[in-house]
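Only one structure is covered here, and it is reproduced in the block below.
Nothing in this text is a laboratory measurement; each read-out follows from the coordinates by a stated rule. Everything numeric in this text was worked out from a predicted model, so none of it was measured. A quick note on method: Cβ atoms are made from the backbone with ideal geometry, for glycine too, and the neighbour counts reach across all protein chains shown.
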Amino acid sequence: MKRMVRSFVVLLMIIFFSAASSCRKESAFSDKTIDTTIPGPSGRLFITIQNPELKKKEKCPMVILLHGIFSNRKTELLTMIANKLQDEGIATIRLDFNGHGESDGEFQDMTVSSEVADAKAVYEYARSLDYVSTISLLGHSQGGVVAGLLAGELGSKKIKDLVLMAPAAVLKDHAKTGTTMGHIFSPDTLPEYIEVFGHRIGRDYLLDAQKLPIFESAKKYKGKVLIIQGKKDSVVPFDYAYKYDEKFRNSELILIDSEDHSFEVDTDNTTNLAIDFLVASLIDNKSSKDKKKEKDKEK
């Protein structure tokens with residue numbers, strides 16, 4: 001009899017823990033950090049997806065995070081932003097652009113336009129995820145230029161919000177005057193490549209940079225934009241942040257006296273500026289709409 005009771009208790013425990021485990025998987029199915037690959041124009045793109053805890057059939061906003069040149073998706077700045085957004089109920093995708101990090105492609109073949117194509121491939125992937133409600137972009141340095149170009153191309157119906165952190169619009173002027181990253185060359189007779197920090201920036205990059213419609217694209221985007229720029233940025237003069245602010249239709253510019261190009265002085269505070277902007281737009285507005293729907297039902 002005692003054996004039968006013990007067996008019954010064990011069976012109940014197995015059923016209970018199996019049910020609990022199943023419940024956890026269902027209610028928190030997207031509470032994960034996932035490293036995977038998707039097809040890109042230049043081969044495989046390595047991406048990291050971070051999702052908040054969601055109930056079954058629940059949707060959430062997603063932000064695509066775009067790194068700068070010589071960087072990758074695992075940079076401290078973007079990782080910190082992804083973690084904070086996840087805590088706020090917002091999903092993210094970080095990618096390695098072609099020729100960067102783990103993604104396919106040669107660095108020397110990379111151009112800003114090829115990175116826009118990469119970001120567009122990630123956008124299409126994000127749009128295919130059934131739990132994603134809206135898609136926004138956040139880019140740092142060259143990634144900020146990419147974000148602005150893609151937002152202008154796709155428009156505010158597809159890109160909800162835009163955050164540019166030290167966007168490197170200066171790269172076009174540098175390529176046109178032959179002064180890219182401290183290297184002097186003839187803009188009319190471009191070298192095969194210039195070597196910077198052990199990386200070869202190819203002729204195609206320089207040719208592409210000379211023709212980029214950076215501020216023309218900014219004029220096309222009608223959504224909300226936050227521009228964050230450090231006044232001690234030695235890479236991108238903060239005058240370019242003012243130019244962006246003038247071209248966007250609905251933008252806010254925050255200049256930080258003490259910050260550099262990488263926002264390393266107070267990364268926590270700087271990232272909070274981006275988080276607060278996105279949460280106010282993506283989460284607070286969502287809550288307001290949900291409340292309005294409830295009131296309409298009551299009527």
What is the set of long-range amide H partners of residue 224 at a cut-off below 5 Å, with H atoms built 1.01 Å from backbone N?
162
Spelling out what I want: for every residue of segment 163-176, take phi, set θ = phi - 60°, compute 6.51 cos²θ - 1.76 cosθ + 1.60 (Karplus), and round to whole Hz; glycine and proline get x.
10, 10, 10, 6, x, 8, 5, 4, 4, 5, 5, 4, 5, 6
Based on Cβ point charges of +1 for Lys and Arg and -1 for Asp and Glu, what charge dipole magnitude is obtained for segment 48-168 about its Cα centre, in debye rounded to the nearest 20?
580 debye
Within the set 74/243; 32/157; 57/160; 158/220, which residue pairs have Cα atoms separated by over 24 Å?
74/243; 32/157
Return the distance in nm (one decimal) between the two label points of a simple spin-label model at residue 200 and residue 186, each offset 7 Å from Cα along Cα→Cβ.
2.2 nm
For segment 25-99: relative contact order, % (alpha-carbon pairs under 8 angstrom, 6 or more apart)
35 percent
Residues 73, 44 in order from fewest to most other beta-carbon atoms within 10 Å are 44, 73
For residue 66, residues with placed amide H under 5 Å, excluding near neighbours:
138, 139, 140
Stokes-Einstein D (µm²/s) once Rh is taken as the Kirkwood radius of segment 89-180 over alpha-carbon pairs, at 37 °C in 0.692 mPa s:
233 µm²/s
Along segment 93-104, what does the Karplus equation 6.51 cos²θ - 1.76 cosθ + 1.60 (θ = phi - 60°) give for ³J(HN,Hα), rounded to whole Hz, x for Gly and Pro?
10, 10, 10, 8, 5, 4, x, 10, x, 9, 6, 6
Proximal aspartates and glutamates relative to residue 219, as straight alpha-carbon distance under 13 Å, when same-chain residues fewer than 8 apart are discounted
153, 245, 246
Return the sequence-ordered ³J(HN,Hα) values of segment 120-136 in whole Hz as given by the Karplus equation 6.51 cos²θ - 1.76 cosθ + 1.60 applied to θ = phi - 60°, using x for Gly and Pro.
5, 5, 5, 4, 4, 5, 4, 5, 7, 7, 6, 9, 8, 8, 9, 10, 10
Report, in debye and to the nearest 20, how large the dipole of segment 208-273 comes out about its Cα centre when Lys and Arg carry +1 and Asp and Glu carry -1 on their Cβ.
620 debye
